Structure formats: C-alpha cells, structure tokens
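Reviewing the structure listed below.
The values are calculated or read from the model by the stated rules, or taken from the named source; none is laboratory data. Please read these numbers as outputs of a predicted model, since none were measured by experiment. Note that each Cβ is placed from the backbone with ideal geometry, even for glycine, and that neighbours are counted across all protein chains shown. In case anyone asks, the SASA skips ligands and DNA or RNA and just uses the protein heavy atoms, side chains included. Shrake-Rupley method; radii C 1.70, N 1.55, O 1.52, S 1.80 Å.
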Amino acid sequence: WDNADFSRGVGTTFYQEFLTLNTAKPPFVRDVEAKVRRYLRSSYSAAWTLKITWEKAPAYAARTDTRKTSTYQAVLTTDGFRSYILILYQEGGMRWDYTRLAATNVLIGYT
C-alpha cells in the first residue's frame with residue numbers, strides 16, 4: 001500500500017484477532033475459510049485469523065477532503081501449516097488521487 005496519513009485526524013485503523021483452534025468459529029472466520037476453500041479448491045480450517053481495517057484513510061500528504069479517502073482490509077489467516085492473506089477494497093477500489101502521489105505507477109493488490 002501507499003502511505004496512508006492519519007496525522008490530520010481523518011480516518012482510523014483497527015484490528016480484530018480470532019483465536020479459533022479449540023473454540024466455536026464466528027461467522028467472519030467461517031466466511032474466510034469458505035473463500036480460501038473456494039478460490040484454492042482445498043480443505044481449510046483456520047486456527048488463527050487477523051482482520052486489519054484502514055477506514056477512510058487519506059493518502060500521504062493528508063488533506064481534510066474526506067471524499068478522497070479509501071477503506072481497505074487485510075485478512076491474515078493460518079491453520080498452523082499454511083497461511084493466506086485476503087486483500088479487500090471498498091466497492092469502486094481505491095479513491096486516492098494517484099496523480100497527486102509521489103509515485104504514479106500505482107497498483108492495487110500485490111505482485
């Protein structure tokens with residue numbers, strides 16, 4: 001990701017950890033397991049999952065214009081042997097004005 005800048009009091013970051021090795025799994029973890037199974041066509045049962053959310057994050061350098069903020073998540077999950085990450089973006093993708101960023105060769109996702 002590019003540099004998000006929370007210095008102007010716009011946006012927030014939060015996380016939620018799910019320890020599910022010997023406990024009932026909440027709907028969120030069951031959904032993550034279903035996605036891993038569907039996309040990778042393999043059996044998967046999560047032992048641990050972490051959801052990190054960047055909500056209404058402004059790009060560096062932060063401005064007070066909240067129309068150009070983005071919300072995105074990273075979901076890390078493992079069964080103790082295999083680990084996966086889901087990268088999720090708000091509908092419509094990133095809203096940052098890439099023409100104003102230091103690097104304009106922007107890629108959503110990973111390489």
Next item on the list: Could you bin all the Cα-Cα distances of region 12-100 into 10 Å bins starting at 0 and give me the percent of pairs in each, rounded to whole numbers?
Entry: 16, 40, 25, 16, 3
Item checked: Computed label-point distance, nm, for sites F14 and L86 using a 7 Å Cα→Cβ extension -> 1.9 nm
Checklist line | Solvent-accessible area, 1.4 Å probe, carbon plus sulfur percent, for region 12-100 | finding: 54 percent
Notebook entry, point to check: Cross-link partners among lysines for K56, C-alpha distance below 23 Å, same-chain residues fewer than 8 apart left out?
Noted result: K68
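So, for region 12-100, what is the accessible surface per residue at a probe of 1.4 Å, expressed in square angstrom? Don't jump to the answer; show the numbers that get you there.
Values: 5780 Å² over 89 residues.
Result: 65 Å² of accessible area for each residue.
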Check: Once fully extended, how much extra length lies between L50 and D31, figured as 0.36 nm per residue of separation less the alpha-carbon to alpha-carbon distance?
Finding: 5.5 nm
